[in-house]
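In what follows, a single structure is set out as structure tokens and then discussed.
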Amino acid sequence: HGIASTSEASRRIIAAAVGNAFVALEFARETQNHGDPCGDRAVIPDDVREVVAARIATLPESARATLVIAAAEPEPRCPPIDARALTPAIVAGIVCITPHGHVVFEHPLYRRVIAEAIGPRERSRAHRGAAANASDPVRRARHLARATEGESEWVADVLSSGAQVGWARGDWDSAIELADLAWRRTPARSDERIRRGVMACT
């Protein structure tokens, strides 16, 4: 059983490294020191972070922006994500697209490194663009929340509307998330703050 587990771990590491021997060694070292490197809370070795960041830095701005959006989506798909913009990232071994249109990161850690490697201004621009192009109220609200900071009545209105659409669809996770964000983004002096606070708690 131990041999089978080791073999399976090795296969996962090789697949995750997508042909990069250096990254494979770092993932293997991470497995030995901290356990399975595929977990969301795993420590990312500095060398792996640098390798992935270097790959991302070589990509066109449109590809980097699209990666930001894909990393932020719970289940990224094409469409609405632009498959053509992701082509350089596919060639770089960062993501792939399944026959059903799902965008899959070649390793879960890549999603986390992307959020750190791309600066806040570029990340904000990417989410603003996604919000402007989103026809779905829930997606628009989620991206607008990631593109902005601080209190704003306009942003809070969009978030509240997205939450209401989520409730109507039975998408409770999105509704709760957006309702809480709407309350937090509502200015303290606004008459809507109490109502949104109650909605966020229900």
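The values are calculated or read from the model by the stated rules, or taken from the named source; none is laboratory data. What you see is a predicted model; the values in this text were computed from it and never measured. We place every Cβ from the backbone using ideal geometry, glycine too, and count neighbours over all the protein chains shown. These area figures cover heavy atoms from the full protein model, side chains too; ligands, DNA and RNA do not enter into them. Shrake-Rupley method; radii C 1.70, N 1.55, O 1.52, S 1.80 Å.
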Please count how many residues of segment 94-129 are under 16 Å from P60 (Cα atoms) and of a type in the set (A, V, I, L, M, F, W, C). 6
Given (1) at positive phi; (2) touching a Pro at 6+ places or on another chain (Cβ under 9 Å), identify the lone condition not met by D136. (1)
Determine if segment 177-200 includes at least one residue that is in contact (Cβ under 8 Å) with a residue 40 or more places away in the chain, over 15 Å from A72 (Cβ atoms) and open to solvent by 20 Å² or more (accessible area, probe 1.4 Å). yes
Kindly check whether there is at least one residue in segment 116-135 that is of a type in the set (V, I, T) and closer than 15 Å to P74 by Cα. no
Expected single match for assigned to a helix (DSSP H, G or I) and of a type in the set (K, R) among R189, R140 is R140
R169 vs. criteria surrounded by fewer than 20 Cβ atoms within 10 Å (Cβ to Cβ) and more than 13 Å from the chain's Cα centre (by Cα): yes
Only one of L144, L109 that is farther than 12 Å from T66 by Cα and at pLDDT 90 or above: L144
Determine whether segment 141-151 contains at least one residue that is closer than 29 Å to V51 by Cβ, surrounded by 20 or more Cβ atoms within 10 Å (Cβ to Cβ), free of Cβ contacts under 8 Å to residues at least 40 places away in the same chain and in contact with a helix residue (DSSP H, G or I) (Cβ under 9 Å, 6 or more places away or on another chain). no
Would you confirm whether any residue within segment 107-127 is closer than 25 Å to E192 by Cβ and out of contact with any strand residue (DSSP E or B) (no Cβ under 7 Å at 6 or more places or on another chain)? yes
Can you tell me which residue within segment 78-136, out of those that are among the charged types (D, E, K, R), farther than 29 Å from V165 by Cα and not in a helix (DSSP H, G or I), is most open to solvent (accessible area, probe 1.4 Å)? R84
Of the residues in segment 152-166 that are more than 16 Å from D136 (Cβ to Cβ) and part of a helix (DSSP H, G or I), the one that is most open to solvent (accessible area, probe 1.4 Å) is W154
